[in-house]
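Taking it in order: structure first as structure tokens, then the write-up.
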Amino acid sequence: MKAIHNKVNIVPVIAKADTLTLKERERLKKRILDEIEEHNIKIYHLPDAESDEDEDFKEQTRLLKASIPFSVVGSNQLIEAKGKKVRGRLYPWGVVEVENPEHNDFLKLRTMLITHMQDLQEVTQDLHYENFRSERLKRGGRKVENEDMNKDQILLEKEAELRPGRSGTTCEKTLLDTKKNTFLMNATSQLSIRSLEGCPSTFTIPAWQARIFFIFDRGGMGEIEGTYRVLQSAGIRLSTQTPMGVSTLEPGQTLSPRMQEKHLHIRVKLLDNTVEIFDTEPKCAGQLLLMQVWKRLNLIECDYFGLEFQNVQSHWIWLEPMKPIIRQVRRPKNAVLRLAVKFFPPDPGQLQEEYTRYLFALQLKRDLQEERLACTATTAALLTSHLLQAEIGDYDETLDREHLKAHEYLPSQECCLEKILDFHQRHMGQTPAESDFQVLEIARKLEMYGIRFHTASDREGTKINLAVSHMGVLVFQGTTKINTFNWSKVRKLSFKRKRFLIKLHPEVHGPYQDTLEFLLGSRDECKNFWKICVEYHTFFRLLDQPKPKAKAVFFSRGSSFRYSGRTQKQLAEYVRDGGVRRTPYERWHSKTQASLRALTADLPKQSISLAEGLRTSASLSPANVSLGPFPSSPGSPPGLPSFEDSSSPLVDPPAPDAKRAASERSRRAAAGSPGLPSAPPPGPPEPQLVPGLSVDGAQPSSSSQRSPPSLHPLLQVTLGPAEQGLGPLLSPALSEAAGAQTQDQEEPLHKLMPEDEAYFIAKEILATERTYLKDLEVLTVWFRSAVAKEGAMPAALMTLLFSSIDPVYKFHRGFLREVEHRLALWEVPPSTHTRGDHQRIGDILLPAMRQLKELTSYFQRHDEVLTELDKATKRCRKLELLYKEFELQKVCYLPLSAFLLKPLQRLVRYRLLLSRLCQHHPPGHRDHADCRDALKAITEVTTALQHSLTRLENLQKLMELQRELVGVDSLVAPGREFIREGCLHKLTKKGLQQRMFFLFSDVLLYTSKSVAGTSHFRIRGLLPLRGMLVESESEWAAPHCFTIYAAQKTVVVAASTRQEREKWMLDLNAAIQAARSSSTPSPELPGGILCTQAPRSSDETSLEQESEDDARGTRGSLEGQVQHRANTMMHVCWYRNTSVSRADHSAAVENQLSGYLLRKFKNGDGWQKLWVVFTNFCLFFYKTHQDDHPLASLPLLGYSVSVAPEVDGIHKDYVFKLQFKSHVYFFRAESKYTFER
């Protein structure tokens, strides 16, 4: 090292660090540094971070310096540790991971080489090379060569002295010495040819017991020729060729310059993993290579594809057609380019060639293998089953298992093997073309479809991922999409050094600044992402190919890069009108089959799709597959996710491009699809009963004998949050084929039924009773099964909970049977033997209401149950995890605590319905007396329980907010009452920023949206009501402003409308007055934050910097790991920019509804029959009333309801219209009574 330390950059490394203890490793590091200093050896020193550098970079540089020499562990073995595949070494006491910073310094070494490569090159060029050049000019070339050879001989002798008795036999030593001498002579001969003293960029030479290596770098001094490494062990040998390239010529043999320049052999890896070699001229442009690839593949729709290669930083870069290959690809002789899909269209129906769809399916297969296409395990299994059907044909268990054993489709394929086989069995008779189309249909609904991440950060340093798609530039936090900048709203894209800039149109940027800024890793990364954005915008948005930019005469400004291919429109016209002859193609797996299929180029017929599974008897019970995403609303502001994109669950019929496929699919479905056996679903889970309770009290109702949902999200056949593309408000989608049957005639809904209003009131009692019983089963059947299986709930709490619910559930099961029987007789056409007693309901309601009076003691326990459940979840981590995991199941469509309110809320509904019956019946009616007495009985019960209901609703709301808000403790306190929650815009230094406000009887909280992969809100400030003053504000330019003067702070906020401002000011003034006049001491303010803390405003992308604790949740819960339900009230208020008060919640309880409605298709005259439940300001859609969970949901805050006007052209009775901005839905009721309700 002493001989070469003036010529190369030396970085000391300790290899095989796993053979040392931590203390030994530290002692060895100190010894190495001491000996380096003792012998005066110059190693590479990392430069100090400049004063204006980022603090994180300074800290990173400090850690890297402290880690020298780097201790690393090398391994190519993949080992499963903690449920994931890692690269490391397995020992009896555990696993040593290569990429774990706690185990070794490999990541630090890699970071150092990446971040300081430019400095390495500059040191080499400015210092080492200049020293070498000056010395060589003094001595002369040949003499230097001889001296270097002598030095190499000395090095070999010194190395032999360091390993006495450690080598193998004499023959092995002789062979080794011969190889080393040959290698050094060959390297030296090549060095003398160049103007430099050779360019071996990286050598590793042993020292200190074969565990210490030194990296010698000559960055920037020419091409890398190879590596040289000697391992001190038996059977020593020279290392094999590295990816950077080692000459394979015999010693002294070289290619002539003419032969080197004549041809360039470039290897291209195709989508089927075969490698083709293409001959090109060294200085030819990338377009020539692309044309050769398209010609050899007979690819017509070639503009969707491109060739990509890896640069020095291992980033994939697209080959530019107009630029010479040698100026893009480093060492093109040794590089392997690969064919890949460059532009992902939103609809596979836009791909006109079957061969193109086949290649797209192969690309998605590659994305699954490389874990780029993030989705649930069930969705991945479904995609794999279609790929399997396309490759080996119909299901054969033996063949499938052998094929899956030999071919890897998924990283953890063994875990979902049975799912893959089960799905494959359903695809009998499906052709390869149909399977390809199904793969594309499923994949395009995933949020990560076609997404390629580019790591970046916002102005505040928050780590994010940027991506580009057909709709615009996307912003992700982890794998969660948090923002979309549509092309229509972007005025200009540019970059400056490593800053990526998005300029918005002035009329759409709203409260955000005109220019958004993101920081990427380097200028090259920034420019690469900018190029991809330019190409995506041109391909999908422009009609014609843009004209090339004229070259400047003297000086050029900006990049000359432009997209050089055809646009999507031009490509479609070329394929459609060009008369290109479509040739059969061969699938990569077809050679193993008995015969080759000649495939047609028509649009394939779809087999049973995800949506159609909802209407088949073989639907994937219990959880049908949900669809998404939806196009972005043109009226949404650019900085915020479009609420309607994510909440709108009702999808229109397929686009015109897919009409042929849809009609063919309908024909096949009508004829019956082969290979879809209909098996009866398994029964619900056997409930584990509390001791002392009867078995009858815990059985599900007869109308609910459905299969239960899995107690784990991955076991449901549903697209998870990562792939639904629904943003923060998740609602599975209903499609035209997804509901029950299409209603084109009047008969199915408007059958002959009585016209008496009492009948419809009784029918409302029946419909809401069915929904209510389903809600009780969430607790008595599903939750009981979950806690009994896991054993997570204390026995005392379990007894308290189910002993309070089971008697109520048992009563309502019997009551429902009586009401169902009476309504069935009521609907029978009138005759002499059926008319009379059957057309009444009071005689059933009266004994039922009196029996409910006897159950009052059970209703009074619910307050205690809710309190004890909250305490238990805080004490028991296992119960808390189970609680949150259960809330993620589809059957739990509301917060679990909300189901504990249902029994008391149901009593209020009985009182209102009986009041309506009493008003309808005249005093002399035969049913009037029974209804009056029943009303009197239920009124006594509700009056006695009114205080309990109010207290219980307030407690449930506080508990729900406590779990959803990050950064506040002890929100649940005696005397604290919830008043209003909603969205306001707070004035900050950067303008109006969206905030969520929560008003309680003693304090006002405001929060911002957390983006750490969760749906939580983070507390930004707390304002006590005592001493607060609220005034209307007119000085600011923003409309609907008012000012809040607190004791230590003044806040200016703006409401969305004048009505919203008046509601907030009215509630605030009333709460302030009540707090001022109250003689009782105020509850203790919530802890966890500082009252005077000045909230830090987010930037234009609404990204909030969070601490690690915030990301995990203050109580270490699952919030940082799972996507929560997004139709909760605070999320709806956030995205609809509105608010809800306590009075609104009370009104919603009194207006809960259930029943069948017809929903009109958006693009057609058909109607879809759905069971609809209206509760918690939201519509939940089911196929039938027997379903255990909703197919979709539509939050209604912000919607207006009206009678469908004639201009809409709907000539039906009882049709009402729901509208929010440009989103319109039409629903049709079965009667005038239901329509008015």
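The values are calculated or read from the model by the stated rules, or taken from the named source; none is laboratory data. Values in this document were obtained by computation on a predicted structure and should not be read as measured data. All Cβ positions, even for glycine, are placed from backbone atoms using ideal geometry, and neighbour counts span all protein chains on display.
If the condition is being within 17 Å of residue 313 (Cβ to Cβ) and free of Cβ contacts under 8 Å to residues at least 24 places away in the same chain, then the range 114-132 contributes only 118. Within the range 975-1013, being touching a Leu at 6+ places or on another chain (Cβ under 9 Å) and not in a strand (DSSP E or B) holds for 976, 977, 1001, 1002, 1011. Among the residues of the range 298-319, those identified as in contact with a strand residue (DSSP E or B) (Cβ under 8 Å, 6 or more places away or on another chain) and either closer than 27 Å to residue 117 by Cα or not in a loop (DSSP other than H, G, I, E, B) (or both) are 304, 305, 306, 307, 308, 309, 310, 311, 316, 317, 318, 319.
Of all residues in the range 271-298, those being farther than 18 Å from residue 336 by Cβ and either under 33 Å from the mean Cα position of the chain (by Cα) or acidic (Asp, Glu) (or both) number 1.
Starting from residues that are under 22 Å from residue 991 (Cα atoms) and basic (Lys, Arg), keep the ones in the range 1050-1085 and report whichever is surrounded by the fewest Cβ atoms within 10 Å (Cβ to Cβ). Ranking the qualifying residues of the range 1050-1085, first place goes to 1058.
Out of (1) outside any helix (DSSP H, G or I); (2) surrounded by 21 or more Cβ atoms within 10 Å (Cβ to Cβ); (3) touching a Ser or Thr at 6+ places or on another chain (Cβ under 8 Å), the odd one out for residue 793 is which? Answer for residue 793: the failing condition is (3).
Selection of the range 520-540 for residues being farther than 21 Å from residue 470 by Cα and either out of contact with any strand residue (DSSP E or B) (no Cβ under 6 Å at 6 or more places or on another chain) or surrounded by fewer than 19 Cβ atoms within 10 Å (Cβ to Cβ) (or both) yields 521, 522, 523, 524. Among the residues of the range 947-963, some residue qualifies, meaning at least one is farther than 27 Å from residue 1051 by Cα and without any contact (Cβ under 8 Å) to a residue 24 or more places away in the chain. Might you let me know whether the range 328-335 holds any residue that is in a loop (DSSP other than H, G, I, E, B), in the same structural domain as residue 417 (by TED's automatic domain parsing) and not acidic (Asp, Glu)? Among the residues of the range 328-335, not one is in a loop (DSSP other than H, G, I, E, B), in the same structural domain as residue 417 (by TED's automatic domain parsing) and not acidic (Asp, Glu), which makes the answer no. Annotation: of all residues in the range 1-40 being part of a loop (DSSP other than H, G, I, E, B) and among the charged types (D, E, K, R), the one that is farthest from the chain's Cα centre (by Cα) is 2.
Quick grid of which residues meet (1) under 26 Å from the mean Cα position of the chain (by Cα); (2) over 21 Å from residue 534 (Cα atoms):
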residue: 321; (1), (2): no, no
residue: 331; (1), (2): no, yes
residue: 342; (1), (2): yes, no
residue: 346; (1), (2): yes, no
residue: 353; (1), (2): no, yes
residue: 360; (1), (2): yes, yes
residue: 366; (1), (2): yes, yes
residue: 370; (1), (2): yes, yes
residue: 374; (1), (2): yes, yes
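Checking every residue in the range 434-454 against the condition of being assigned to a strand (DSSP E or B) and closer than 21 Å to residue 346 by Cβ gives at least one match.
Listed by first and then second residue, the pairs linking a residue in the range 409-425 that is in contact (Cβ under 8 Å) with a residue 40 or more places away in the chain to a residue that is among the β-branched types (Val, Ile, Thr) and surrounded by 15 or more Cβ atoms within 10 Å (Cβ to Cβ), with Cβ atoms under 6 Å apart and 6 or more places separating them unless they lie on different chains, are 409/384. Taking the condition within 26 Å of residue 469 (Cα to Cα), of a type outside the set (Phe, Trp, Tyr) and in contact (Cβ under 8 Å) with a residue 60 or more places away in the chain, does residue 369 pass? For residue 369, the condition - within 26 Å of residue 469 (Cα to Cα), of a type outside the set (Phe, Trp, Tyr) and in contact (Cβ under 8 Å) with a residue 60 or more places away in the chain - is not met. Those strands (runs of 3 or more DSSP E) of the range 1119-1237 in which 3 or more residues are under 30 Å from the mean Cα position of the chain (by Cα), crowded, with 21+ Cβ neighbours inside 10 Å and in contact (Cβ under 8 Å) with a residue 12 or more places away in the chain occupy 1167-1175, 1178-1182, 1192-1195.
Looking at residue 1000, is it buried (at least 22 other Cβ atoms within 10 Å of the Cβ) and over 30 Å from the mean Cα position of the chain (by Cα)? For residue 1000, the condition - buried (at least 22 other Cβ atoms within 10 Å of the Cβ) and over 30 Å from the mean Cα position of the chain (by Cα) - is met. Check the range 1197-1205 and report whether any residue there is in contact with a helix residue (DSSP H, G or I) (Cβ under 6 Å, 6 or more places away or on another chain) and aromatic (Phe, Trp, Tyr). Within the range 1197-1205 (the criterion being in contact with a helix residue (DSSP H, G or I) (Cβ under 6 Å, 6 or more places away or on another chain) and aromatic (Phe, Trp, Tyr)), the answer is no, since none of the residues qualifies.
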